[in-house]
Structures are given as C-alpha cells and as structure tokens.
Amino acid sequence: MPTVPHRRLHGPGPSPVHPRVLEALGQPCIGHMDPVFMRIMDEVRSMLQQVFKTENPMTLACSGTGSAGAEMLMDNLVEPGDTCLIGINGVFGGRLTDKARRAGGEVTTMEVAWGEVFDLDSVKQRVVDLKPKLVALVHAETSTGAHQPFEGLADEVHKHGGLLVMDCVTSFTGLPVEIDAWGIDAAYTGTQKCLSCPPGLAPVTLSERAMHKAKNRRTKCNSWYLDLSLVGNYWDGDRAYHHTAPVNMNYALHEALSIVLEEGLEARFKRHAAAHEKLKAGLLERGFTYATDEHHVLPMLNCVNLPGGVGERSGGEGALRKRLLNEFDLEVGAGLGAFAGKCWRIGLMGEGAREEHVDFILKSIDAVLN
Ligand SMILES: *Cc1c(COP(=O)(O)O)cnc(C)c1O
C-alpha cells in the first residue's frame, strides 16, 4: 500500500478523524453476535437517540455510507404508487427523488434555484394540494451550502397522512437537529461529516408513525439488505443474524458519539459557528463571495465563488485546488453540478471546525492566489 499522507480535510467530507476514533477502529475485531458487541450496539443506539434528540426505539447505524441510509428510508417507506413530494435545490434532493422513484413512488418535485431554500408556507400549500404520503427535504445541502428550515412543517404533513423525511447528513452534530421536537418521521446521516469518523455507517432514526408504515406494507421492501423488518430485528428485536455488522466501524462510531457528548451539543454548534464566522470574514476580505442565499448559509459547508478572474488567470480553479493539495496537503471541495468550475466548497466539519484550521486554510489560499 502506498504511504497515506496526512491531509487536512476541508472539503464536503470526509472530515478530519479524531485520533481517539482511529484508535477505536484499531481494536480487536470480535464477532457480531459477541455479548460485548451487543453492548456496544446498545450504547451506540442510546447515544444516537441523545444526539438525534429522539426517543425513537428504531434508531440504528445502517451499514453503508449516508446514501445507504437514504435508500433504507426510501425503500422501506415508499410503496409503488405512493405520492411523494421532494424538494430539489441541489444534488442531494435529486438523488432522493431518484431513490423514491426506484421504490415505485409517484414523485412530484419542488425546485428552487441552487443556493436557495424552500419557503415552508409554499411547501405547506403543496402538501395541502397533493396530500403526499411522504415529504422529503435536505436540511444541509452540501452541494450549495444552504440551510433548510424544518421547524413548523410536520403538523401539516401529518394532518394529510404523510411522513416527513429529513436528510441531515451534513448538519448532524454541527447544527441543531431536533427529531422529536420538529416532528420528523425519519432521518438519516453519515459518519464522515460533522461526526469526524471515517465513512462507512449511516445512522438513521424512524418514528412510530414511520415504523407503522414500514410494518404494514402491501408489498415487500425491494431491498433485502436494507429491509427494516430484517435489520430491525438484529438491532432491536431478537438479535437474529441478518448481515455481518461492520464491527470495527461501530467501535469508531461509538467513540465519535462519546466525543460529541463529552463536548456537548451546544458547545459543538457554537464551535462550528465561530469557525465559520472567522472563515467567512477572511474569505470576504479576499474577494470571495458566497454562492448561497445569505440568510441560509451553513456553518460547516462554505460554498463560495472565487474572486473575479482568479480561476482563469491560474489555469482554472482545479489547478489552484491541486496546488493546495500538493503544496499544503489541504483538500477543499470542487463545485458540483450547476456550480462546477465556479465554486469551492470549504468544509469546517467536526474536528475541522476550529479557528487554527481556519488560519491554515486562509494562509494556504493566500499562498496560491498570490
Ligand atoms: C454526503 C451526503 C450524502 C451522501 O452520503 P455518502 O456518505 O456520500 O453516501 C447525502 N446527503 C448529503 C446532504 C450529503 O452531504
């Protein structure tokens, strides 16, 4: 294997992994039915409930990355012919739409420009008109840096018999995510964003209402691997073998969640906000501009336009990112989709959301821009 460099990870994920998490990952592998592993799973679930701010018994770490969590929810909660309403304001709403359609859903999409968010009153109006069985929005759109509000939407969705689904992959532990207080029926995240753990698990949580839907399907869940009636028994029921849990990744998640709870959620949110404010001031001073609606900028993902002409002078923004990587071991993200070639996505996630990291980012940017 080649020597792996120590990169400074400030793109859209993975984020810098805490040394304690790497140490946990390297503990001896044990059986996935070992009583010690069962205890680790119980503790992972209980910590996930604390961090998701939920009492949902069906809270678990789905095997696979964030996309597997999204698929677990869509495959279990959407049946052929179900009306779904999904917001697209970047890459990830588009992927949710694709997943819901593959599960047989009749999806109506709502779209706003990249960098903007959905106004909840207009979403509610669409819910009244359509009476969808499922409504899904992305809390933190990593392709655009936009922060979608959720509070106050669930009642209208529930009134018309629907479930509210949230993608909180990038926001989880960097911004408040209040599953029970906001009435969210199902949410998924990933380990490699603000949790500062390697990629590989997708924490998910489902309300009683969502589980009622999953348990009373007319048709079998399309996916055997992600079928909650099978996976759920391993996490929550009789511990029946379904698939071999990624044992060591669960150690890593256990350690990452312990670190989050030791720091405290409020302190962690404040740390993300402070790092963001410092980065934002430095970037604006250097002529960068935010590509996101200024009232809805995410702290952990800064999607910015390069100062006028800089990209062209230096052989394209890609050449500059290559220099950041080669000369400073610094990874920042390229623009995706509509923002490709125009934007950078600078991540301040988890362990990366620290003022010393911001100083390093700004210093490195100065070096390649001058
Ligand atoms: C990263 C991300 C995903 C996908 O997660 P993977 O771990 O790459 O599968 C989904 N939604 C959002 C908003 C993300 O940022």
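The values are calculated or read from the model by the stated rules, or taken from the named source; none is laboratory data. Predicted model only: the values in this text are computed from it and were never measured. Don't worry about glycine lacking a Cβ; one is built from the backbone with ideal geometry, like all the others, and counts go over all protein chains shown. SASA here: full protein model, heavy atoms, side chains in, ligands and nucleic acids out. Shrake-Rupley method; radii C 1.70, N 1.55, O 1.52, S 1.80 Å.
Assorted remarks:
- Here's how it looks for residue 301: its modeled amide H is under 5 Å from those of 348, which are all 5 or more places away or on a different chain.
- For residue 106, the residues 5 or more places off, or on other chains, whose built amide H falls under 5 Å of its own are 81, 82, 83, 84.
- Fully extending the segment from residue 281 to residue 20, taken as 0.36 nm per residue of separation minus the present Cα-Cα distance, adds 90.8 nm.
- ³J(HN,Hα) computed for each position of the stretch 89-98 - Karplus, 6.51 cos²θ - 1.76 cosθ + 1.60, integer Hz, glycine/proline x: 9, x, 5, 6, x, x, 5, 4, 4, 4
- Spherically averaged projected area of the stretch 229-307 from its Cα convex hull (nm²): 8.6
- 5 angstrom amide H check on residue 62, placed H, neighbours 5+ away: 202, 204
- Tilt relative to the chain, helix 120-130 - C-alpha long axis, 0 to 90 degrees, to 10: 40
- Couplings 3J(HN,Hα) of the stretch 141-154, computed from phi: 7, 5, 7, 10, x, 9, 9, 8, x, 10, 5, x, 8, 4 Hz, in residue order, whole Hz [Karplus 6.51 cos²θ - 1.76 cosθ + 1.60, θ = phi - 60°; x for Gly and Pro].
- Across the chain, counting alpha-carbon atoms alone, Rg and Dmax equal 20.6, 63 Å.
- Once the Cα atoms are used to define both axes, helix 247-263 deviates from the longest principal axis of the chain by about 70 degrees.
- Options 274, 2, 28, ranked by Cα towards positive dipole end of the chain, top entry (Cβ charges): 2
- Assuming charge only on the beta carbon of Lys and Arg (+1) and of Asp and Glu (-1), the dipole of the chain about its Cα centre is about 680 debye to the nearest 20.
- When the listed pairs 53/342; 53/159; 131/342; 193/363 are checked against a 31 Å cut-off, the alpha-carbon distance exceeds it for 53/342; 131/342.
- Distance between the stretch 69-105 and the stretch 160-216 - C-alpha centres, whole angstrom: 14
- Hits among lysines - C-alpha to C-alpha of residue 215 under 20 Å, sequence gap 8 or more where chains match: 99, 133
- Its relative contact order, with pairs defined as Cα atoms under 8 Å and 6+ residues apart, puts the chain at 25 percent.
- Taking label positions 7 Å along the Cα-Cβ direction at both residue 274 and residue 39, the computed distance is 3.6 nm, reported to one decimal.
- With every protein chain in place, the chain: carbon and sulfur % of accessible area (1.4 Å): 51
- Per-residue 3J(HN,Hα) values for the stretch 175-185, derived from phi via the Karplus relation 6.51 cos²θ - 1.76 cosθ + 1.60 with θ = phi - 60°, read 9, x, 10, 10, 4, 6, 5, 8, x, 6, 8 Hz in sequence order (x marks Gly and Pro).
- Residue-averaged 222 nm ellipticity for the chain, from DSSP H runs of 4+ at -39500 (n - 2.57), nearest 500: -12500 deg cm²/dmol
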